[in-house]
Amino acid sequence: MARIIGGVATTHVPAIGNAIAKGLQKDPYWKPFFSGFDYVHQWLAREKPDVMVIFYNDHGLNFFLDKMPTFAVGAAQEYRNEDEGWGIPVSRAATGIPELSWHIINRLVADEFDIVMCQEMLVDHAVTIPMALMWPGADWPVKIVPISINTVQHPLPSPGRCLKLGRAVGRAIESYDKNLKVMVAGTGGLSHQLDGERAGFINKEFDQLCLDRIVSDPDALTQYSIHDLVELSGAQGVELLNWIAMRGALTGKVSQAHRNYHIPISNTAAATIVLDNQALAQRQAA
Ligand code: DHB
Ligand code: FE
């Protein structure tokens with residue numbers, strides 16, 4: 001059976017793409033952020049996941065305001081990137097695993113999540129930047145199942161709904177009848193606001209609370225409405241929904257292996273966490 005080994009969540013600020021292209025990882029502005037990935041690289045080298053199920057939000061590359069699914073699951077052989085207008089290099093494509101995608105889609109619909117299924121899907125910086133951070137300079141050794149959550153066009157799904165989606169995805173992965181090591185990812189956040197009167201808004205205290213709750217008490221985050229999140233975390237800080245879904249997909253005993261928080265990268269409070277997921281069977285055997 002497929003096994004969920006753990007989760008990684010990270011900010012996906014596009015400017016990271018330029019920093020990578022220019023080799024600025026050790027530059028004083030960037031070092032505190034990039035050095036937060038040293039542990040992630042060790043973890044990935046040790047755990048060697050086969051597949052990454054990645055919760056993210058599309059910012060207008062594949063879905064635009066005219067047609068915006070609340071939840072969409074990719075079922076493609078390959079996911080290409082295109083020029084998004086951020087002035088960053090176009091990324092290599094990510095490889096899909098349609099058979100697992102369809103298994104997850106079937107389980108989600110049976111579980112009453114009426115998702116959009118996408119046999120063609122471009123992926124934007126919210127997928128490509130985290131992958132470039134996780135596997136720098138190397139071929140990407142995982143196949144992906146991209147799951148997009150609308151964090152752009154209101155009304156947005158609630159934190160509680162996203163936690164339930166994550167849990168349903170976790171159950172779906174665990175019922176997949178192939179011997180695969182699966183990691184889960186969530187991208188975006190933490191607090192940031194790119195436009196309007198509060199452009200540049202960051203809330204360190206709320207970010208720290210969210211990081212704590214993501215690890216040990218994700219249900220506590222369901223008390224916030226979307227409008228609470230916009231107020232506390234910024235208009236784009238609602239990308240936290242992707243982190244909540246990631247956490248929901250970790251079905252076992254979860255522990256924090258790593259956390260990095262640095263303010264700011266571009267307009268964003270940058271954070272990276274690694275969570276281990278110990279399944280019941282592993283715990284019993286230990
Ligand atoms: C920035 C952050 C984002 O999450 C994003 O999608 C685009 C830009 C930023 O801080 O520049
Ligand atoms: Fe974003």
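The values are calculated or read from the model by the stated rules, or taken from the named source; none is laboratory data. Values in this document were obtained by computation on a predicted structure and should not be read as measured data. When we count neighbours, we look across all protein chains shown, and the Cβ atoms used for this are built from the backbone with ideal geometry, even at glycine. These accessible areas exclude ligands, DNA and RNA; they are computed on the full protein's heavy atoms, side chains included. Shrake-Rupley method; radii C 1.70, N 1.55, O 1.52, S 1.80 Å.
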Between PHE64 and ARG198, what FRET efficiency follows from the Cβ-Cβ distance if R0 is 35 Å, with the result rounded to 0.05?
0.90
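Might you tell me the accessible area per residue for the chain, computed with a 1.4 Å probe and given in Å²?
On the way: 12110 Å² over 286 residues.
Result: 42 Å² per residue.
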For the chain, one quarter of the surface area of the C-alpha convex hull, expressed in nm², comes to 13.9 nm²
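For every other residue with a beta carbon closer than 15 angstrom to the beta carbon of VAL254, add +1 if it is Lys or Arg and -1 if Asp or Glu, then tell me the sum.
+1
What is the packing order of peptides 182-189, 2-9, taking the mean over residues of other C-beta atoms within 10 Å and listing the highest first? Don't skip to the answer; put the middle values down first.
Values: 182-189: 28.4, 2-9: 23.8.
In decreasing order of mean packing, 182-189, 2-9 become 182-189, 2-9.
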Linear extension gain, ALA286 paired with LYS178, 0.36 nm per residue minus alpha-carbon span:
36.6 nm
With a point put 7 Å past each Cα toward its Cβ, work out how far TRP135 is from ALA21 in nm, to one decimal.
2.1 nm
Order the peptides 96-103, 83-90 from the highest to the lowest mean number of other Cβ atoms within 10 Å of their residues.
96-103, 83-90
Please compute the net charge surrounding ILE149, taking Lys and Arg as +1 and Asp and Glu as -1 over other residues with Cβ under 10 Å from its Cβ.
-1
Considering only Cα-Cα distances, which of the following residue pairs are longer than 26 Å: LYS143/LYS178; LYS26/LYS253; LYS178/LYS253?
LYS26/LYS253
Using alpha carbon centers only, segment 252-286 is separated from segment 37-82 by a whole-angstrom value of 18 Å
Report the net charge of residues surrounding ASN179, where surrounding means a beta-carbon distance below 11 angstrom and charges are Lys +1, Arg +1, Asp -1, Glu -1.
+1
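Any chance you could run the full-extension gain for LYS253 through ASP83? It's 0.36 nm times the residue separation minus the Cα-Cα distance, nm to one decimal. Walk me through the intermediate numbers first.
Details: separation 170, 0.36 × 170 = 61.20 nm, distance 4.00 nm.
Result: 57.2 nm gained on full extension.
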Extension gain (nm, one decimal) between ILE226 and GLN208, 0.36 nm per residue minus Cα-Cα
4.6 nm
Once both labels are modelled 7 Å past Cα along the beta-carbon direction, what's the GLU112-ASP219 spacing in nm?
1.8 nm
Given charges at beta-carbon only (K, R positive; D, E negative), |dipole| of segment 183-286 in Debye:
440 debye
For the charge dipole of segment 165-286, defined by +1 on Lys and Arg C-beta atoms and -1 on Asp and Glu C-beta atoms about the Cα centroid, which residue among LEU280, LEU240, THR251 has the Cα displaced farthest towards the positive pole?
LEU280
Once neighbouring chains are kept in place and the probe is 1.4 Å, which whole percent of the accessible area of segment 95-170 is contributed by carbon and sulfur?
48 percent
For the ranges 238-248, 191-201, 52-62, 116-126, what's the packing order if you count other beta-carbon atoms within 10 Å of each residue, average per peptide, and put the highest first?
238-248, 52-62, 116-126, 191-201
Of all DSSP beta bridges having both residues in segment 52-169, the percent classed as antiparallel (nearest 5) is 40 percent
